Amino acid sequence: MRATERQQIPQADPRAGYLAHAAEIDAALAGVLQRGRYTLGPEVAAFEVEFARWLGAAHAVGVANGTEALHLALRACGIGPGDAVVTVSHTAVATVAAIELAGAVPVLAEIDAPSFTLDCNRLEDALRRAAPRNLKAIVPVHLYGHACDMPAVLEIARRRGLLVIEDCAQSHGASLAGRMTGTWGDAAAFSFYPTKNLGAIGDAGAVTTGDAAIAARVRALREYGWRERRESEFAGTNARLDEMQAAILRVKLRHLDTANARRRAIAGQYTRLLAPCGLALPAAAPGAAHVYHQYVVRTPRRDALRDFLDARGIATMIHYPMPVHLQSAYRARAPLLEELVLTEAMASEVLSLPMYPELTDGQVERVAEALATAAR
Ligand SMILES: Cc1ncc(COP(=O)(O)O)c(C=O)c1O
């Protein structure tokens, strides 16, 4: 390896997450291979129990990915054609795609500045002015590892008789007032995409819920709507979780609290070192435990800064370069609850710095030094 290659700092590094636990993961995979049961077997069942226990939820149901988790959670909650569902436009396109997969219409709302999540005050005002007919649910997205203001979301939902389905794809372990994201709503959807805080080595996801009937419906929906094998009670799909991914997730779940603590330590180091750099830095709201899926800074000089870091071997990402409502698949189609001024501004200002548990203190210092140089 050339010296310059050694010096690259990736923005995320799922391979490092494998190597950190390679012996345990290899042993778990060898067990699956030998057993000969490759989908929805004992590893999936054990992972569901362990993940639900870790989260403090009554039920977890493993599925193929986070998009299917959200899609099936919505359907299991009774959301379907003709229904409207409020969510944000500053999110992964998957959030909006999943609502459409369920047959519902996504209605997009504004975020607030410090948290990058649903602005509940604005939502309340906008709904008071003109609530969409057939509004059935809210999908709050706990973006970047920070919980949405769930007491406010639940209060709006309670007053209007709406369901709440949390998008927890980026918030494994994030909590608010000591209560985990994924345990506030009627149901919640998790992604275990490789770069997530709890990441598989391929695609995987889960639905969590406190409601046994919703869990049972997701279990049926993930396999063709079967109640009894080969008899579909209703129209489902194939969104099974495979045994290899479940075995890997069981290993990684044992290390998740340590990994999240390391992400918090890295975030603390960034925040200390970057204080003089003139960037808007992320922070947790009072009572929120942030798990820093991403450490996202804001600056109007974002693109120049990104190039500057890139030239020094430091990779960054933009989550997200274009709000969903401006993307060609959704433009002029996904209705907006109001003008999304802040959402649109974010797209040109946010920058995700390198963030993964195996990042060393020295690498964090190198990123901070480069940002300090750029600020001079
Ligand atoms: C906020 C959010 N929602 C949903 C998803 C969808 O998850 P997946 O990629 O596992 O389908 C992701 C992941 O990309 C995400 O970040």
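The values are calculated or read from the model by the stated rules, or taken from the named source; none is laboratory data. Keep in mind the model is a prediction, meaning the values are calculated, not measured. Every residue, glycine among them, receives a Cβ derived from its backbone with ideal geometry; neighbour counts consider all protein chains shown. Please note that ligands, DNA and RNA were not included when accessible areas were found on the heavy atoms of the full protein model with its side chains. Shrake-Rupley method; radii C 1.70, N 1.55, O 1.52, S 1.80 Å.
When you go through Asp119, Asp112, Asp186 one by one, which is the residue that is open to solvent by 50 Å² or more (accessible area, probe 1.4 Å), acidic (Asp, Glu) and either free of Cβ contacts under 8 Å to residues at least 60 places away in the same chain or more than 16 Å from the ligand (Cβ to nearest atom) (or both)?
Only one candidate passes the filter, namely Asp186.
Within the group Thr258, Thr299, Thr316, which residue is of a type in the set (Val, Ile, Thr) and exposed (fewer than 15 other Cβ atoms within 10 Å of the Cβ)?
Of the residues listed, the single one that is of a type in the set (Val, Ile, Thr) and exposed (fewer than 15 other Cβ atoms within 10 Å of the Cβ) is Thr258.
Before we move on, is Val107 of a type in the set (Val, Ile, Thr), more than 16 Å from the ligand (Cβ to nearest atom) and out of contact with any Phe, Trp or Tyr (no Cβ under 9 Å at 6 or more places or on another chain)?
So Val107 fits the description; yes.
Given the criteria surrounded by 15 or more Cβ atoms within 10 Å (Cβ to Cβ), over 19 Å from Val367 (Cα atoms) and more than 22 Å from the chain's Cα centre (by Cα), does Leu337 qualify?
yes
Scan (1) under 24 Å from Arg133 (Cα atoms); (2) more than 16 Å from the ligand (Cβ to nearest atom) for the single condition Glu166 breaks and write down its number.
(2)
Would you say Gly178 is at positive phi and within 16 Å of the ligand (Cβ to nearest atom)?
So Gly178 fails the test.
Just one of the numbered conditions (1) within 15 Å of the ligand (Cβ to nearest atom); (2) open to solvent by 10 Å² or more (accessible area, probe 1.4 Å); (3) out of contact with any Lys or Arg (no Cβ under 7 Å at 6 or more places or on another chain) is not true of Arg217; which one?
(1)
Of a type in the set (Val, Ile, Thr), assigned to a strand (DSSP E or B) and open to solvent by less than 10 Å² (accessible area, probe 1.4 Å) - does that describe any residue in region 149-172?
Yes, that holds for at least one residue.
Considering only residues that are acidic (Asp, Glu) and outside any loop (DSSP other than H, G, I, E, B), which ones fall in region 34-91?
If the condition is that a residue be acidic (Asp, Glu) and outside any loop (DSSP other than H, G, I, E, B), then Glu43, Glu48, Glu50, Glu68 are the ones that fit.
In contact (Cβ under 8 Å) with a residue 40 or more places away in the chain, more than 12 Å from the ligand (Cβ to nearest atom), surrounded by 24 or more Cβ atoms within 10 Å (Cβ to Cβ) and not assigned by TED's automatic domain parsing to the domain that holds Leu351, is that true of Ala204?
Judged against the criteria, Ala204 is not a match.
Give me the residue from region 31-78 that is in contact (Cβ under 8 Å) with a residue 24 or more places away in the chain, open to solvent by 20 Å² or more (accessible area, probe 1.4 Å) and among the β-branched types (Val, Ile, Thr) and, out of that set, nearest to Asp167 (Cα to Cα).
Thr67
Answer yes if at least one residue in region 223-239 is charged (D, E, K, R) and either under 27 Å from Gln11 (Cβ atoms) or within 16 Å of the ligand (Cβ to nearest atom) (or both), and no otherwise.
There is no residue in region 223-239 that is charged (D, E, K, R) and either under 27 Å from Gln11 (Cβ atoms) or within 16 Å of the ligand (Cβ to nearest atom) (or both).
Could you tell me whether any residue of region 261-281 is crowded, with 19+ Cβ neighbours inside 10 Å and assigned to a loop (DSSP other than H, G, I, E, B)?
yes
If you check every pair at least six apart or on different chains, which have Cβ atoms under 7 Å apart with a residue in region 142-162 that is under 20 Å from Ala94 (Cβ atoms) and among the β-branched types (Val, Ile, Thr) first and a residue that is modelled with pLDDT of 95 or more and within 16 Å of the ligand (Cβ to nearest atom) second?
Filtered contacts from region 142-162: Val153/Leu118; Val153/Ile138; Val153/Pro140; Val153/Val164.
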